Amino acid sequence: MIEKDQQPREDDQHSGSSRTKQYVLSDDEPGLLVRPEVRQGQFPGNERVRFVLPRKPALRRVRRGVLEATAVTQAPTNAWGRVKRMLIGSPIPTSRSENERLTKFKALAVLSSDAISSVAYATEAILATLIVAGSINLGLTLPISFAIVLLLAIVALSYRQTIPAYPNGGGSYIVAKDNLGTLPGLIAAASLMIDYVLTVSVSVSAGVQALATLFPALSSTFTIVSIDVALVLFIMLVNLRGVRESGSIFAIPTYIFIGSALLLIIVGAFKSFFIQHNPVIGHFQYVATTEPLTIFVLLRSFAAGCSAMTGVEAISNGIPAFKKPAITLTWMAVILGTLFIGTSALAMSYHVEANPAGNPTVIGQIAQQVFTGPLFFMFPVFQIATLFILTLAANTSYADFPRLSSLLARDHFLPHQFAFRGDRLAFSIGIVFLAVLASLLLVVFKGDTTSLINLYAVGVFMSFTLSQGGMVRHWWRLRREKRGWQRSLAINGLGALTTLLVALVIATTKFLSGAWIVVILIPLLVLMFLAIHRHYLHVERERTTEIPIRPKDIRHRFIVPVERLDLATKRSLAYARSITPRVTAVHVALDRQKTDALRTAWEEEQNALSEDERVPLEIIEPGDRSLVRSLLHYIDAMQQQYPDETLTVVLPEFAEGSFLKRLLRNPIILRLKISLFYRPEIVVTNLTL
C-alpha cells in the first residue's frame, strides 16, 4: 500500500539500477490500498506507472491518520448474516449515535410504559390481598391507593433532583457507588437487575391474562406460556433494531392505552356518579373474613399495591437515551397517578372484586361495565390495548437492563461483552440475556402473574433507598458549592426514608410468599460481581510482561517447531530469519526413521543456502514425555538461557474451511497454542498457510 505523499519505486530493467520518482494522486482520490504497477512501454526503455484502486474498497481515508470502514465491510457474507440483516436491519454508524436519542414523545412511551402499565394490575393486587379481611373492608383500597400516589409523588420529586446532578445517567448503581461506595452500588445494581427481569415476566404474563379474558379459549397453561415466551422474543427482536426504532414502534400502542384508560375513567365516572348515582364505595358481594383487619394486613395490601411504583427510576437511569428527562418524568408521574386513582375509584364505585383465578381481571370487569351501549366496541379495543401496554412495559427493562449491564461491565463487574454495542448501536448481549432469563422465569412459574408478583418490588424499593441515600450524601458534600442544597437534601432525605420503610414493609409482608428468593438472590449476585471483578484484576496483573516497551531494547530469538521439511516449514523459517539471525528449528524425535530422514534432508537444504540463511536444527529425545511437554520444556530452557531476549515461537498452520477440520489436522498446534497462552512473556506467531 502507498499513500499520496509516498514515492513508489521503479525498477529500470535495462540499466539494472533503481530510481525513484514522485507520483502524486489526485486530491479527489479517497481510496486506500492503492497499488502502483509499472508497465513496459512499446519501445525499449519506455515505462508507464498506473495506480490500481480496489473496485470495492473496504476502507477510505477520512483525513491523515484516520480510516473509515465502507459498506463493503458490513455486507453479510453468509446465510446467518443475511437473516440477521433481514431481522434487525442494516448496521448504524457509531457517528450517528446522537441521532438515536429519543424525543419526549417517544421517551414517555419507551421508558414510562412499565410504570403506566401497572395500573392494569396494581388495584387488583390490593383487592386480592385485602379480601382476607372480608368484603366489608375492601373500601380501604381507595385510601391505600392515595397513600401509594403520595409515595409516587415523593419518589418522582426525589428523582427530579437526581437528573440535573447526574446528566449522563443517574441510576441507582451510579449514584450509590459514587456517594456510598462500591458495595452499596452493587447491591443497588443487583436489586435493579432482578427487578428488570421480573418486570418483563410480570408485564408479559399480565398482558396475556388480559388476552385470555377477551378470548377464554387461550386459558390453558401451555398456551399462555407459549404466548408469553413468543412475546418476550418479539420485544427482544424489536429492541435489537435500536433504541429509536423501538421507540417509534412502541409509542403508538402506549398512547392508545393511555387514551382508552382516560376514556374509561371519564365515561365510568360520569355513568356511575351522574347517571346511576352510585356511592363512592359500592356494596361488594359478601365474602367472609378469614383474617382480622390488622395493621399487618393493611401493610401487606399497601406492599402489593406498590407494584405500581416499579419503573419510576427508568427515566433517571436512561438519561443518555433521550432529551429533557425531567419533563418526561413529571408527565409520567402525573399520568400514572391519574390512571391509578381513577381505576381504584371505579373499582370501588362498581364494587368490583378480584377473581382468585385471575381471569377476568379487575380492570377487565370495570371495562365490561363501562363500555356498554354505543361504546361496546371499546371493550375489545381496551383489552387489546391493555395487552399491548403490559407487553410493551417490558420494553422499559429492555432499555435499562442492557444499559445497567454495560455500566457494570465497564467497571469490570460483568463480562466485558455486555459493554459492546451491536450493529444497531444497542447493547445486544444484555438484550438477549434479559430475554433468556425472563423466558426461563415464565416457564418455571407457568406464566402465573400472582406467583411472579410476590417476588416483585422488593428490589426496586431497595434500589430507590440506596439511590436517594446517595443523593443525600451528594448534596451534603456540595453544601459549600451549591445554593439551595438544603432543599434538595431534604427532598432526597424524605425519599430515602419513605422508600426504606416501604422496602422493609414489602420484605417482611411478602417474605414467605416469595420475597425470600429475592432477599437471598441479591447477595449472591453481589458475590458474583465481586468474583468477576477479582478475575479481571487477576487478568490485568497477568498481562504484565517483561517484554521491553522501546523497540531498540528488544532482541529477538525465534523457535520454529518442525515436523518435516516441507514448504510450510521453509516459509516459517524464512519469515523468522527475515527478522533475526537468532533462529532455531526444533524437532521432537518420536520416530527414529522419520528423524533420520529429516536430518538428512535438512543438511542437504542447508548446504544449498548461504551462510546468512542457514538455521540450526535441534533434535529432542522425548523419553517418556509427550511431544507438547518436550517442546514446552525446551522453550522454558531457552527462556532461562536467554533472559534478556524476547522469545517468539512460530507455529505454521494450514487454513481449513471449518474449525473442526483445523482441529483434526492441527491438534498438536492447538494444544501448544493453549499451553503457551498462559506464558505471557513468550510471543506466539501463528503463520497460516
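Does region 505-517 contain at least one residue that is without any contact (Cβ under 8 Å) to a residue 40 or more places away in the chain, assigned by TED's automatic domain parsing to the domain that holds Val202 and under 23 Å from Ser397 (Cβ atoms)?
Checking region 505-517: at least one residue is without any contact (Cβ under 8 Å) to a residue 40 or more places away in the chain, assigned by TED's automatic domain parsing to the domain that holds Val202 and under 23 Å from Ser397 (Cβ atoms).
Just to be sure I understand, how many residues within region 525-569 are in contact (Cβ under 8 Å) with a residue 24 or more places away in the chain, over 20 Å from Leu672 (Cα atoms) and outside any strand (DSSP E or B)?
Number of matching residues: 15.
If I filter region 395-402 for residues that are in contact with a helix residue (DSSP H, G or I) (Cβ under 9 Å, 6 or more places away or on another chain) and surrounded by fewer than 20 Cβ atoms within 10 Å (Cβ to Cβ), do I get at least one hit?
Taking region 395-402 and keeping what is in contact with a helix residue (DSSP H, G or I) (Cβ under 9 Å, 6 or more places away or on another chain), we get 395-402.
Right, trim to surrounded by fewer than 20 Cβ atoms within 10 Å (Cβ to Cβ) and you get none.
Within region 395-402, none of the residues are in contact with a helix residue (DSSP H, G or I) (Cβ under 9 Å, 6 or more places away or on another chain) and surrounded by fewer than 20 Cβ atoms within 10 Å (Cβ to Cβ).
Out of Leu151, Leu142, Leu157, report the one residue that is at pLDDT 65 or above, closer than 30 Å to Val202 by Cα, over 35 Å from the mean Cα position of the chain (by Cα) and assigned by TED's automatic domain parsing to the domain that holds Leu387. Spell out the reasoning first.
On the way: Leu151 fails: over 35 Å from the mean Cα position of the chain (by Cα); Leu157 fails: over 35 Å from the mean Cα position of the chain (by Cα).
Going through Leu151, Leu142, Leu157 in turn, the sole match is Leu142.
Has region 372-394 got at least one residue that is under 20 Å from the mean Cα position of the chain (by Cα) and over 27 Å from Ala122 (Cβ atoms)?
no
Hey, can you tell me all the residues within region 580-639 that are surrounded by fewer than 12 Cβ atoms within 10 Å (Cβ to Cβ), assigned to a loop (DSSP other than H, G, I, E, B) and among the hydroxyl-bearing types (Ser, Thr, Tyr)?
Ser610
Yes or no: region 329-339 includes at least one residue that is in contact with a helix residue (DSSP H, G or I) (Cβ under 6 Å, 6 or more places away or on another chain), in the same structural domain as Val381 (by TED's automatic domain parsing), modelled with pLDDT under 80 and crowded, with 16+ Cβ neighbours inside 10 Å.
Yes, that holds for at least one residue.
Can you find a residue in region 386-407 that is assigned by TED's automatic domain parsing to the domain that holds Val280 and outside any helix (DSSP H, G or I)? Step through it out loud before you land on a result.
So in region 386-407, the residues assigned by TED's automatic domain parsing to the domain that holds Val280 come out as 386-407.
With outside any helix (DSSP H, G or I) added as a condition, the list becomes none.
Among the residues of region 386-407, not one is assigned by TED's automatic domain parsing to the domain that holds Val280 and outside any helix (DSSP H, G or I), which makes the answer no.
For Pro374, are the conditions met, namely being in the same structural domain as Leu218 (by TED's automatic domain parsing) and not in a helix (DSSP H, G or I)? Break it down stepwise before answering.
On the way: in the same structural domain as Leu218 (by TED's automatic domain parsing): yes; not in a helix (DSSP H, G or I): no.
Answer is no for this residue.
Assuming Leu183 fulfils every condition listed in (1) crowded, with 24+ Cβ neighbours inside 10 Å; (2) modelled with pLDDT of 90 or more apart from one, which condition is it?
All conditions are met except number (1).
Pull out all pairs, ordered by first then second residue, where Cβ-Cβ is under 6 Å, the residues are six or more apart or on different chains, the first lies in region 124-147 and is within 16 Å of Thr338 (Cα to Cα), and the second is not β-branched (Val, Ile, Thr).
Thr141/Leu127; Thr141/Ser344; Leu142/Ser344; Leu142/Met348; Ile144/Ser301; Ile144/Phe302; Ile144/Gly305; Ser145/Ser344
Of the residues Ser301, Ser260, which single one is within 19 Å of Phe376 (Cβ to Cβ), polar (S, T, N, Q) and touching a residue at least 24 places away in the same chain (Cβ under 8 Å)?
From the options Ser301, Ser260, the qualifying one is Ser260.
Restricting to region 640-653, what's the tally of residues that are assigned to a helix (DSSP H, G or I) and over 17 Å from Ala585 (Cβ atoms)?
Residues of region 640-653 that are assigned to a helix (DSSP H, G or I), as a first pass: 640-641.
Next cut, over 17 Å from Ala585 (Cβ atoms) only: 640.
Within region 640-653, residues that are assigned to a helix (DSSP H, G or I) and over 17 Å from Ala585 (Cβ atoms) number 1.
Name the pairs: first residue in region 663-689 and over 14 Å from Leu631 (Cβ atoms), second residue assigned to a helix (DSSP H, G or I) and modelled with pLDDT under 75, Cβ to Cβ under 9 Å, at least 6 apart or on different chains?
If the second residue must be assigned to a helix (DSSP H, G or I) and modelled with pLDDT under 75, the pairs left are Tyr678/Glu542; Pro680/Glu542.
Is it fair to say Ser428 is over 22 Å from Ala206 (Cβ atoms), free of Cβ contacts under 8 Å to residues at least 40 places away in the same chain and surrounded by fewer than 24 Cβ atoms within 10 Å (Cβ to Cβ)? Show your work before the answer.
Values: over 22 Å from Ala206 (Cβ atoms): yes; free of Cβ contacts under 8 Å to residues at least 40 places away in the same chain: no; surrounded by fewer than 24 Cβ atoms within 10 Å (Cβ to Cβ): yes.
The answer is no for Ser428.
Could you grab me the full set of residues in region 474-521 that are under 14 Å from Thr162 (Cα atoms) and buried (at least 20 other Cβ atoms within 10 Å of the Cβ)?
His474, Trp475, Ser488, Leu489, Ile491, Asn492, Gly495, Ala496
The values are calculated or read from the model by the stated rules, or taken from the named source; none is laboratory data. A quick note: this is a predicted structure, and the numbers were derived from the prediction, not measured. Glycine also receives a Cβ, built like all others from the backbone with ideal geometry; neighbour counts cover every protein chain displayed.
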